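The values are calculated or read from the model by the stated rules, or taken from the named source; none is laboratory data. Note that the structure is predicted; figures quoted are calculated from it, not measured. Glycine also receives a Cβ, built like all others from the backbone with ideal geometry; neighbour counts cover every protein chain displayed.
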Amino acid sequence: MDLGKRIIFGTANLTQRYGINKKTLHSNKGQINLLLQKLIKKKINLIDTAIKYNCEKEIGNLSGNFSIINKIMLGKRHNKFHQLEFEIQNSLKKLKKKKLYGLLIHNPLYLKNKNGKKIFKNLVKLKKLKLTKKIGFSIYSPNELKILFKKFKPDIVQFPINLFDQRIIDTGWIDTLKKNNVETHGRSIFLQGLLLKKKNNIPRKFKSKKKYFNILFNWLKKNNLSNLDGCLNFAFSRKKVDKVIIGFDSIDQLKKILNYKKSKIQYNYNSLKVRNTKIINPQTW
């Protein structure tokens with residue numbers, strides 16, 4: 001498959017400081033326009049965002065015919081369909097779109113509440129009204145699927161997957177999703193930029209976890225791979241991951257990603273798995 005068709009442009013750092021490097025793209029509009037031109041040229045036409053990123057107006061002003069995946073934080077107000085519809089219509093207006101490609105729940109465990117079924121029915125109703133093509137979950141852990149999947153059938157599931165965090169594979173959930181024709185989107189393939197750090201630049205907060213990084217750097221050296229190529233090889237060799245969400249800090253980084261050539265070597269990534277959630281879950285940082 002063409003690499004460009006598997007990439008989704010992630011916009012978490014479009015207007016806010018995001019990730020380990022706390023960089024934002026929006027301060028340089030010229031850079032964003034150059035970036036967009038490259039995305040269009042490579043036929044990357046799917047953008048991932050969220051209402052809480054507060055960048056819908058900026059996305060709406062982008063040139064190019066992009067399809068949008070948006071994420072929403074559920075709350076008690078969404079028991080009422082008209083409130084949910086109002087928020088999505090407002091979002092579409094800012095995005096200058098008539099319809100979303102996907103609407104994902106940012107906090108899917110909220111569906112465990114007593115009104116969860118009602119809210120999910122409201123989301124399904126949005127599909128019927130053609131305000132979104134698909135609905136689904138954005139999860140932090142496969143355990144969320146264990147709790148929700150039987151009751152609520154998503155069209156898309158977005159999950160973290162990277163050299164350290166291989167839980168979606170090890171738990172068997174990636175297989176279950178594919179068997180149920182669920183579209184799979186991998187995110188956090190650089191672990192918010194942490195996996196791109198050089199040995200001497202690992203943040204102090206991870207000093208006590210240096211053994212995991214030593215294993216990573218030794219593995220990269222042994223296989224003659226850069227941090228970037230190691231992350232990309234892992235993500236794009238996962239055949240059951242339909243699309244990969246990638247955020248870019250700069251045009252140079254985008255160029256390197258787009259110039260990446262998939263290796264013919266079958267690497268063994270098992271030694272890199274980390275189960276310590278204080279590393280693999282950025283919510284704990």
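What are the pairs, 6+ residues apart or on separate chains, where a residue within segment 259-271 that is touching a residue at least 60 places away in the same chain (Cβ under 8 Å) has its Cβ under 9 Å from a residue that is among the aliphatic types (A, V, I, L, M)?
From residues that are touching a residue at least 60 places away in the same chain (Cβ under 8 Å), the pairs are Y260/L3; Y260/L228; Y260/L232; K262/L3; K262/L232; Y269/L163.
How about segment 212-226: which of its residues are farther than 12 Å from L272 by Cβ and assigned to a helix (DSSP H, G or I)?
Matches in segment 212-226: K221 only.
For N45, work out the one condition from (1) at pLDDT below 80; (2) among the polar types (S, T, N, Q); (3) out of contact with any helix residue (DSSP H, G or I) (no Cβ under 7 Å at 6 or more places or on another chain) it doesn't fulfil.
All conditions are met except number (1).
Quick check on this structure: which one of A50, A12 is among the aliphatic types (A, V, I, L, M), out of contact with any Ser or Thr (no Cβ under 6 Å at 6 or more places or on another chain) and at pLDDT 85 or above?
After ruling out the rest, the residue left standing is A50.
Restricting attention to segment 64-84, which residues are among the polar types (S, T, N, Q) and either more than 22 Å from the chain's Cα centre (by Cα) or on the phi > 0 side of the Ramachandran plot (or both)?
If the condition is that a residue be among the polar types (S, T, N, Q) and either more than 22 Å from the chain's Cα centre (by Cα) or on the phi > 0 side of the Ramachandran plot (or both), then N79, Q83 are the ones that fit.
Given the options F234, F206, name the one that is among the aromatic types (F, W, Y), assigned to a helix (DSSP H, G or I) and either under 11 Å from L163 (Cβ atoms) or modelled with pLDDT of 95 or more (or both).
Of the residues listed, the single one that is among the aromatic types (F, W, Y), assigned to a helix (DSSP H, G or I) and either under 11 Å from L163 (Cβ atoms) or modelled with pLDDT of 95 or more (or both) is F234.
What pairs come out if I take residues in segment 51-63 that are part of a loop (DSSP other than H, G, I, E, B) and pair them with residues that are buried (at least 20 other Cβ atoms within 10 Å of the Cβ) and of a type outside the set (A, V, I, L, M, F, W, C) whose C-beta lies under 6 Å away, six or more apart or interchain?
Correct list of pairs: C55/T11.
Looking only at segment 101-117, which residues are outside any helix (DSSP H, G or I) and touching a residue at least 40 places away in the same chain (Cβ under 8 Å)?
Matches in segment 101-117: Y101, G102, L104, H106.
Just to verify a result, which residue in segment 193-210, among those that are under 17 Å from the mean Cα position of the chain (by Cα) and free of Cβ contacts under 8 Å to residues at least 60 places away in the same chain, is surrounded by the fewest Cβ atoms within 10 Å (Cβ to Cβ)?
L196
List the pairs whose first member sits in segment 211-224 and is within 13 Å of L194 (Cα to Cα) and in contact (Cβ under 8 Å) with a residue 24 or more places away in the chain, whose second member is of a type outside the set (K, R) and surrounded by fewer than 16 Cβ atoms within 10 Å (Cβ to Cβ), and whose Cβ atoms are under 8 Å apart, counting only residues at least 6 apart or on separate chains?
Listed by first residue and then by second, the contacts come to Y212/N276.
Could you say whether any residue in segment 127-134 is touching a residue at least 40 places away in the same chain (Cβ under 8 Å), more than 23 Å from the chain's Cα centre (by Cα) and assigned to a loop (DSSP other than H, G, I, E, B)?
The answer is yes; a qualifying residue exists.
Considering only segment 239-266, how many residues are at pLDDT 95 or above and not β-branched (V, I, T)?
3
Quick one: in segment 146-168, of everything that is farther than 19 Å from P282 by Cα and not charged (D, E, K, R), which residue is surrounded by the fewest Cβ atoms within 10 Å (Cβ to Cβ)?
I147
Quick one: which residue in K71, K97 is of a type outside the set (G, A, S), assigned to a loop (DSSP other than H, G, I, E, B), in contact with a helix residue (DSSP H, G or I) (Cβ under 8 Å, 6 or more places away or on another chain) and in contact (Cβ under 8 Å) with a residue 12 or more places away in the chain?
Testing whether each residue is of a type outside the set (G, A, S), assigned to a loop (DSSP other than H, G, I, E, B), in contact with a helix residue (DSSP H, G or I) (Cβ under 8 Å, 6 or more places away or on another chain) and in contact (Cβ under 8 Å) with a residue 12 or more places away in the chain leaves just K97.
Can you give me the number of residues within segment 246-280 that are hydroxyl-bearing (S, T, Y) and under 21 Å from the mean Cα position of the chain (by Cα)?
Final tally of qualifying residues: 4.
Taking F190 as the residue in question, decide whether it is over 22 Å from T277 (Cβ atoms) and in contact (Cβ under 8 Å) with a residue 12 or more places away in the chain.
Spelling it out, it is not the case that F190 is over 22 Å from T277 (Cβ atoms) and in contact (Cβ under 8 Å) with a residue 12 or more places away in the chain.
Among (1) hydrophobic (A, V, I, L, M, F, W, C); (2) part of a helix (DSSP H, G or I); (3) under 23 Å from Y110 (Cα atoms); (4) touching a helix residue (DSSP H, G or I) at 6+ places or on another chain (Cβ under 7 Å), there is one condition L195 misses while meeting the rest; what is its number?
Evaluating L195 over (1) hydrophobic (A, V, I, L, M, F, W, C); (2) part of a helix (DSSP H, G or I); (3) under 23 Å from Y110 (Cα atoms); (4) touching a helix residue (DSSP H, G or I) at 6+ places or on another chain (Cβ under 7 Å) leaves (3) as the failure.
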